[in-house]
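Reviewing the structure listed below.
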Amino acid sequence: MILMDKLGRKGLLLGSFMGMSSMINRVTEWAMSMGMQAVAGSSLVSGSVLSFAMGVGPVPGLLLSEIFPSRIRAKAMAICMAVINFFVGLLFLRMLEKLGPLILYTAFVSFCLVGFLFVRKNVVETKGKTLQEIEMALLPSAELIY
């Protein structure tokens, strides 16, 4: 939480995707490094796990709570987190068994690249803003809703 407040959510997400792609400086090299990891069929390296734990793991939970309007926040958070955890828990080991590490890690390469590009283009930084300021920035016609 301290890192999220100091470094910002967007920066941690971008850095996390970079770190999960073996800590290389350019997007194409990140994809290549994850691709090499997929070809090698190796398990997650400690740098990837650390990168996940510093950004992609906890930041979405905080970001979701900040971007949903207050009137639906609790229900929306519960649904989003339940769906994410359900599908990861249900599908990961099955996919690893059926597809093997090569195809599964290749899919992870794609998800890291898409995630990086999505965050870079679409996620707004919420560091240092109140929930009301974030809601007003994301929903400029919020007065009409209430």
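The values are calculated or read from the model by the stated rules, or taken from the named source; none is laboratory data. Because the structure is a prediction, the values reported are computed rather than measured. Because the Cβ atoms are built from the backbone with ideal geometry, glycine has one as well, and the counts that use them run over all protein chains shown.
Only one of 67, 72 is loosely packed, with under 15 Cβ neighbours inside 10 Å and of a type in the set (Val, Ile, Thr). Can you tell me which? Write out each step before concluding.
Details: 67 fails: loosely packed, with under 15 Cβ neighbours inside 10 Å.
Criteria check complete, one pass: 72.
Listed here are the residues, each with its yes/no results for (1) at pLDDT below 85; (2) surrounded by 14 or more Cβ atoms within 10 Å (Cβ to Cβ); (3) more than 15 Å from residue 63 (Cβ to Cβ); (4) touching a Pro at 6+ places or on another chain (Cβ under 9 Å).
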position	(1), (2), (3), (4)
85	no, no, yes, no
89	no, no, yes, no
93	no, no, yes, no
97	no, no, yes, no
100	no, no, yes, no
110	yes, no, yes, no
120	no, no, no, no
133	yes, no, no, no
145	yes, no, yes, yes
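Being free of Cβ contacts under 8 Å to residues at least 60 places away in the same chain and β-branched (Val, Ile, Thr) is the filter here, so list the residues in the range 65-102 that pass it.
72, 79, 83, 84, 88
For residue 126, are the conditions met, namely being surrounded by 13 or more Cβ atoms within 10 Å (Cβ to Cβ), more than 26 Å from residue 6 (Cβ to Cβ), touching a residue at least 24 places away in the same chain (Cβ under 8 Å) and not hydrophobic (A, V, I, L, M, F, W, C)?
Values: surrounded by 13 or more Cβ atoms within 10 Å (Cβ to Cβ): yes; more than 26 Å from residue 6 (Cβ to Cβ): no; touching a residue at least 24 places away in the same chain (Cβ under 8 Å): yes; not hydrophobic (A, V, I, L, M, F, W, C): yes.
It is false that residue 126 is surrounded by 13 or more Cβ atoms within 10 Å (Cβ to Cβ), more than 26 Å from residue 6 (Cβ to Cβ), touching a residue at least 24 places away in the same chain (Cβ under 8 Å) and not hydrophobic (A, V, I, L, M, F, W, C).
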